[in-house]
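Worksheet: the structure to be examined is printed underneath.
Laboratory data are not the source of any read-out in this text; all were calculated from the coordinates shown. Source: prediction; values computed, not measured. Positions of Cβ are generated from backbone atoms using ideal geometry, with glycine treated the same way; all protein chains shown enter the neighbour counts.
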Amino acid sequence: MNTIAPTTSEDLIRFRDVFFSVRGGESREILSGVSLAVPHGETLVVLGRSGSGKTTLLKLINGMLAPTQGEVLVQQRRTMDWNLIQLRRRIGYVIQDAGLFPHFTVAENVGLIPTLEKWGRSRIAARVEELLRLVGLEPREFANRRPRELSGGQRQRVGVARALAADPPILLMDEPFGALDPVTRAEMQREFSALAHRLGKTIVFVTHDLREALFLASRIILLEAGQVVASGSPRTFMQIDHPEVRAFGASLAINPGAPA
Amino acid sequence: MSYFTFFVQHSDEIFAATLEHLQLVVVAMSIAILVGVPLGLLLVHRKVLRTIALSIASILQTIPSLALFGFLIPIPFIGGIGKRTAIVALALYALLPILRNTYVGLTSIDAAVLESAEAMGMTSTQILLRVRFPLALPFILAGIRTATIITIGVATIAAAIGAGGLGTFIFRGVALVSDKLLLAGAIPTALLAILADLLLGFLERSLRVT
């Protein structure tokens with residue numbers, strides 16, 4: 001099943017029949033005919049196994065990859081027609097190991113985009129402080145630390161703060177909490193969910209964790225072998241009659257104490 | 001005459017030769033660094049240039065040092081007898097370790113860091129100068145350290161083409177079969193190398209971030 005949502009001017013991101021393949025010895029298709037629309041303010045969770053094309057889908061949105069066929073639109077403009085630097089500055093990006101710059105302090109990491117955008121010093125300092133508070137890190141304690149002096153959870157918080165620095169309307173998140181211990185992970189999910197509601201960002205969140213998807217999403221799409229095979233709200237998603245949905249459901253059932 | 005009194009009697013000459021040696025090394029290394037590091041930066045995104053530059057530098061390294069000095073003598077402007085030729089040869093010799101380490105350092109950055117930098121909308125020049133280069137510094141310094149130690153040793157051969165330095169004692173020592181003269185060249189050379197190694201090693205460690 002491919003969801004073709006009606007076009008509205010509210011859609012921040014649209015995929016129109018997107019194919020993506022990598023050229024190797026033989027070309028391998030990663031995405032096959034994906035169409036979707038992400039309206040303003042939605043948290044779209046892209047669920048799928050490893051290798052289902054989730055990360056590729058994400059990288060098509062900020063132009064790190066170009067579609068082989070079809071088109072990806074951000075704010076009604078094809079990604080390939082955007083100045084890619086400008087496009088990416090309007091899209092926050094958070095990945096699993098945070099990818100913080102090890103030679104920068106926390107403050108320098110968070111303030112990098114503002115610095116590149118040539119904000120004034122005091123404005124950057126104020127913004128960094130505001131963002132660190134927002135992600136629950138006391139600026140006085142953390143601003144001058146280096147990434148190696150932080151725990152995994154703290155690094156991810158800095159990653160989120162850095163992604164929000166220039167107040168981008170869109171956030172892309174690629175299994176941001178995937179490497180954290182379960183307790184920290186649950187904590188981050190709760191806080192992030194509250195933060196997302198408060199900020200009203202449009203978020204595309206990639207995960208292979210069904211529980212995380214059900215908790216964070218306003219809508220879930222399920223990718224299998226490069227195709228969208230199911231789509232629904234967290235409330236309706238589990239009722240979808242599809243083998244891959246049932247497979248993911250079974251992954252929850254093994255976990256004792258998980259919500260049914 | 002004991003070794004000790006020999007060294008004391010000739011301390012002025014030994015000291016002058018050591019300074020001269022140091023001068024050869026410092027000038028040659030400065031040239032190699034000023035060429036090697038920027039060239040390494042250029043190679044990151046240029047595959048063809050990379051293959052050519054690294055091959056040429058590798059080939060230069062395989063030429064026996066005495067032969068390299070010899071080859072340079074007949075070349076106009078950079079050639080001839082004396083310091084200038086020696087400096088050119090030493091710089092060519094030092095180029096490979098610096099170039100290779102610069103390139104390796106710039107390209108062995110954590111993939112997640114590079115991905116973030118690109119996704120944040122940094123241009124490739126910004127990534128090169130603000131992310132790759134500072135993170136590659138310890139590698140680059142390691143290359144400079146290796147090259148410096150090689151250069152201090154090879155510079156003794158420069159005396160063969162009249163460039164002076166500590167090699168003068170060594171060549172004289174060989175000609176006169178005098179171990180005193182040999183040691184008067186060899187010991188300060190070894191000390192210089194050890195000193196440079198310690199100094200640059202310290203600098204390298206202080207630049208390491210992760």
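On the beta carbon distance between B:SER206 and A:ARG90, with R0 = 45 Å, the FRET formula returns roughly 0.70. Using the Cα coordinates of chain B, the gyration tensor eigenvalues translate into equivalent-ellipsoid semi-axes of 39, 20, 11 Å, sorted from longest to shortest.
Annotation: amide H of A:VAL94 within the under-5 Å range of A:LEU172, A:MET173, A:ASP174, sequence separation 5 or more or interchain, hydrogens built in the peptide plane. In the stretch B:23-150, taking the dipole from charged Cβ atoms about the Cα centre, the farthest positive-side position among B:VAL131, B:PRO64, B:SER108 is held by B:PRO64. Its relative contact order, with pairs defined as Cα atoms under 8 Å and 6+ residues apart, puts the stretch A:1-151 at 19 percent.
The radius of gyration of the Cα set in the stretch A:93-154, together with its Dmax, comes out at 11.3, 31 angstrom.
Dimensions of the stretch A:102-207 from C-alpha coordinates, computed as largest minus smallest value along each principal axis and given longest first, are 37, 30, 20 Å.
The calculated Kirkwood hydrodynamic radius for the stretch A:181-260 is 13.6 Å, given to one decimal from all distinct C-alpha pairs. With respect to chain A, whose longest principal axis is taken over its alpha-carbon atoms, helix A:152-164 is tilted by about 90°. With the helix formula -39500 (n - 2.57) applied to DSSP H stretches of n ≥ 4, chain A reaches a computed 222 nm mean residue ellipticity of -10000 deg cm²/dmol. From the Kirkwood radius over Cα pairs of the stretch A:1-157, Stokes-Einstein at 37 °C and 0.692 mPa s returns a whole-number translational diffusion coefficient of 183 µm²/s. Rg over Rh for the stretch B:29-137 works out to 1.11, both radii taken from alpha-carbon positions and Rh defined as the Kirkwood radius. Taking 0.36 nm per residue of separation and subtracting the current Cα-Cα distance, fully stretching the chain between B:HIS45 and B:PHE71 would add 6.1 nm. Using every pair of distinct Cα positions in the protein assembly as shown, the Kirkwood expression returns a hydrodynamic radius of 26.3 angstrom. For the protein assembly as shown, the antiparallel share of DSSP beta bridges with both residues in that region comes to about 50%.
Sites listed here are trypsin sites (Lys or Arg not before Pro) in the stretch B:8-52 whose DSSP assignment is loop and whose Cβ has at most 15 other Cβ atoms within 10 Å: B:ARG46. Residue-wise HN-Hα couplings along the stretch A:178-188, as the Karplus relation 6.51 cos²θ - 1.76 cosθ + 1.60 with θ = phi - 60° gives them from phi, are x, 9, 8, 5, x, 5, 4, 4, 4, 4, 5 Hz; Gly and Pro carry x. Dipole magnitude for chain A: about 640 debye, using +1 per Lys or Arg Cβ and -1 per Asp or Glu Cβ, origin at the Cα centre.
For the stretch A:103-114, backbone phi angles converted through the Karplus equation (6.51, -1.76, 1.60; θ = phi - 60°) give residue-by-residue couplings of 8, 9, 6, 4, 4, 5, 4, 5, x, 5, 4, x Hz, Gly and Pro being listed as x.
Residues in the stretch A:131-146 carry Karplus couplings, in order, of 5, 5, 4, 4, 9, x, 10, 5, x, 4, 7, 10, 3, 9, 7, 9 Hz; the curve used is 6.51 cos²θ - 1.76 cosθ + 1.60 with θ = phi - 60°, and Gly or Pro positions show x.
Based on C-alpha pairs under 8 angstrom that are at least 6 apart in sequence, the stretch B:42-163 has a relative contact order of 34 percent.
Relative contact order, whole percent, for the stretch B:22-111 stands at 49, derived from Cα pairs under 8 Å and 6 or more residues apart. If one takes the longest principal axis of the Cα atoms in chain B, at what angle in degrees, from 0 to 90 and to the nearest 10, does the Cα axis of helix B:133-154 lie? The angle comes out at about 20 degrees.
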